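One structure is given here, and the rest of the page talks about it.
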Amino acid sequence: MSILDSATDVLKLLARSGRDLTVTDVVNELDVPKSTASRVLKHMTACGLLERDTRTLAYRPSLLILELSHQVRASSSILDRMEDALQALVQETGHTGYISVLDETCRHVVVLRVRHGTQPLRVVTWPGHRSPAVAVSTGRTLLARLSDSALADLYADNYPVVPARAPRDLKALRARLDEVRRDGWSIAMDEALPGVGSISCSVADPESGETLAFCLSFPVPQDDPAFVQSLTQRLVGHARAIGRAARDEFWTARP
């Protein structure tokens, strides 16, 4: 593996983790010898790609990388960046991915983009498809950005009929949305479609006012929490990177 390949892997790890990296982090996450990790990090620092905290000895992106990220942010929308991330996630996992948005009423979520996976069991909805926002993971990760008063205006007197596993009333919905605000992601299992699960995150662009959600959809696993955790970590890593580049406070304020 070339030094360029190794440096690229380190930058990808920085983007996924959203924090400074130590030599030990690189060794554990990239499965490389300590001598290799140390050499790559030192070389990247010497080339101006990273800088090192003199107190913690951890590595972070340099000012050059941050300046480049601002150029990327200025030249592409969060939809562009989300499509790139979703394409990578679909290729990595084989599961189908979606990008969605709340409609003008904020009561339904609308599919904007679909990326087809390679897994044998696929249940696909198409661009333009609408679902009750309370009953799907993409809808709930978007609703979690609304205030309690806005949610009350939407649902206090007119709550929709939803599948059995979805939140059945405003109180249950608020409890689920509090989890999204705490964790940064939303999950649905056997809700809108039997046997199908999904994990979603949302990102907002404070300058354009655009807020989008993206998700991975998959067959519901049987007693396999590691599977769900792995997908969640991948999705959240991409959402964090996009959100921080867009200066979305939901992501910049998170550790």
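The values are calculated or read from the model by the stated rules, or taken from the named source; none is laboratory data. None of these values were measured; they are calculated from a predicted model. Note that we place each Cβ from the backbone using ideal geometry, even for glycine, and neighbour counts take in every protein chain shown. Side chains included, ligands, DNA and RNA excluded: accessible areas come from the protein's heavy atoms. Shrake-Rupley method; radii C 1.70, N 1.55, O 1.52, S 1.80 Å.
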Could you please let me know if GLY117 is assigned to a loop (DSSP other than H, G, I, E, B), surrounded by 13 or more Cβ atoms within 10 Å (Cβ to Cβ) and at pLDDT below 95?
yes
Looking at (1) farther than 21 Å from VAL109 by Cα; (2) open to solvent by less than 20 Å² (accessible area, probe 1.4 Å); (3) among the aromatic types (Phe, Trp, Tyr), find the lone condition where PHE218 falls short.
(1)
First in segment 20-39 and within 18 Å of LEU50 (Cα to Cα), second anywhere and of a type in the set (Ser, Thr, Tyr) and open to solvent by less than 50 Å² (accessible area, probe 1.4 Å), Cβ under 6 Å, 6 or more apart
LEU21/TYR59; VAL23/SER38
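Per-residue answers, yes or no, for (1) farther than 30 Å from LEU154 by Cα; (2) modelled with pLDDT under 85; (3) of a type in the set (Phe, Trp, Tyr):
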position: ALA58; (1), (2), (3): yes, no, no
position: GLU67; (1), (2), (3): yes, yes, no
position: ALA85; (1), (2), (3): yes, no, no
position: ILE99; (1), (2), (3): no, no, no
Screening ARG165, ARG174, ARG130 for residues that are open to solvent by 50 Å² or more (accessible area, probe 1.4 Å), more than 17 Å from THR105 (Cα to Cα) and at pLDDT below 95 leaves only ARG165
Answer yes or no as to whether SER230 is of a type outside the set (Asp, Glu) and open to solvent by less than 50 Å² (accessible area, probe 1.4 Å).
yes
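Out of LEU50, LEU30, I need the residue that is under 20 Å from ILE242 (Cα atoms), open to solvent by less than 80 Å² (accessible area, probe 1.4 Å) and modelled with pLDDT of 90 or more. Which one? Lay out the reasoning, then the answer.
Working: LEU30 fails: under 20 Å from ILE242 (Cα atoms).
Testing whether each residue is under 20 Å from ILE242 (Cα atoms), open to solvent by less than 80 Å² (accessible area, probe 1.4 Å) and modelled with pLDDT of 90 or more leaves just LEU50.
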In segment 38-47, residues that are surrounded by 11 or more Cβ atoms within 10 Å (Cβ to Cβ) and among the small types (Gly, Ala, Ser) total 1
Restricting segment 1-26 to residues that are open to solvent by 40 Å² or more (accessible area, probe 1.4 Å) and more than 24 Å from ALA239 (Cβ to Cβ), the one modelled with the lowest pLDDT turns out to be MET1
Tell me which residues, restricted to segment 208-244, are among the aliphatic types (A, V, I, L, M) and either part of a helix (DSSP H, G or I) or touching a Gly at 6+ places or on another chain (Cβ under 6 Å) (or both).
LEU216, VAL220, ALA226, VAL228, LEU231, LEU235, VAL236, ALA239, ALA241, ILE242
Going by what's in this entry, would TYR159 be described as open to solvent by less than 20 Å² (accessible area, probe 1.4 Å) and either over 23 Å from the mean Cα position of the chain (by Cα) or at positive phi (or both)?
no
Pairs only if they're at least six apart or on different chains, beta carbon under 6 angstrom, first in segment 239-255 and under 18 Å from SER186 (Cα atoms) and free of Cβ contacts under 8 Å to residues at least 60 places away in the same chain, second open to solvent by less than 10 Å² (accessible area, probe 1.4 Å) and in a helix (DSSP H, G or I); list them, first residue then second.
GLY243/TRP251
